[in-house]
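To start, the structure under review is shown below, and the notes come after it.
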Amino acid sequence: MQIFFAIIINKQYLCPTLKGIKMKVRKFLSALFIAFWAVVNVSAQNDTYLTTEQLPNLIKCLPAPPAFDSPEFASDIVRYAWGKQQRADKERVAIVRGDAIWNPLDSLLHQFAVPFGLEVTPEGTPEIYKLLTTTINTIDQMRVAPKAYYHRQRPFERFDEPTLTGEDSFLRGEGSYPSGHALRGQTCALTMAQIAPENADTIFYRAHIYALSRVIAGAHWQSDVDASRNGATIGYVVLQNCPAFIEQMKKAQKEYRKIKKSK
C-alpha cells in the first residue's frame, strides 16, 4: 500500500498500462534479433568458453519482467525516483558515468581493480585477463534472447526523460530486461571472487554498486538489474563444468598468488 500511495502522490511517475505484444509476434522479433546479433558479433562469440546453445536460456530460468499494473512494477517506479535523487551526489554521479562505459571491456575490469586488489591488464596479468574477458564474453551472450523476447521499455523512454549518462540514442528501442551491464558486472565479480576468495565481500559489494549505477542512470529498472545478477550466477554455475574454463581458472589463480606474493 505504501508503494501505491507514493505513486499516487508523485503523479509524474504514472503511466497508462500498455497492451502486451502477441506471442507469435514476440517470438518472431526475438528470433530475428538473435539472428542479426549473431551475424554482427560472430567474431566476438569465437572468444567464448561455451556457445549460446550450451548456456542456460534465461527466458526459461528467470521470471518475466513485472507487468505494468503489478506491485513489482510500482516498486520499480519508486526505485527510479530514488535513482534520480542520487544524482545530487557528485561523487556517485562520477561512478555512474564510469560504470556506464561499455567498450572496451578493460574499463569494467578497471572499475573492479580496488576491491580485487589488482589492476588487470593484458600485459601485467595475461592469464587473469584472458579468464575474465572470455568468461564475461561467454555469459554476455545470455542477455540477447530475453532482451529481444520481452523487449521491455526502458525507464528513460517511459518517462521521456534523458539518461544521466547520455546513452539515450544508443539505448532507445533496445530491450531493458535484463541489464547487460549488471550481467557483466556480476560475472566479473563471480570470476574475481573465485580467483581471490579473500576479497569476495568487497568484490561483490562493488558489483552491487555497479548494478545500481544503471538504475541511477535511468537506463534500467531495479528488476532488470536484479534479474541480471541472478542470470549471471546461473550461467557461471554451468561454466564450472567446462574444461577450458577450469584450466584457465587454475592459471589465473596461480598468477594471482604469484603477483600478490611478490608484493
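Modelled this way, with points 7 Å down the Cα-to-C-beta line, the labels at Asn103 and Cys242 are 2.1 nm from one another. Spin-label pair Glu72-Arg87: with each label point 7 Å from Cα along the Cα-Cβ axis, the two points sit 2.7 nm from one another.
Here the range 139-263 is assigned +1 on the Cβ of each Lys and Arg and -1 on the Cβ of each Asp and Glu. Its dipole about the Cα centre then comes out at about 780 debye. For the pair the range 51-99 and the range 224-257, the centres of their Cα atoms are 22 angstrom apart. For Thr163, nonlocal amide neighbours, meaning residues 5 or more places apart or on other chains whose placed amide H falls under 5 Å from its own, are Asp168. A simple spin-label model places pseudo-atoms 7 Å from Cα toward Cβ; at Ala94 and Lys260 they are separated by 2.8 nm.
Each Lys or Arg adds one and each Asp or Glu takes one away; over the other residues whose Cβ falls under 13 Å from the Cβ of Asn103, this sums to -2. Packing here is the average count of other Cβ atoms within 10 Å per residue, and on that basis the peptides 218-229, 239-250, 198-209, highest first, run 218-229, 198-209, 239-250.
Only the coordinates and a few stated rules stand behind these numbers; no lab work does. Note that the structure is a prediction, hence the values are computed from the model and not measured. Virtual Cβ from ideal backbone geometry, glycine too; neighbours counted across all protein chains shown.
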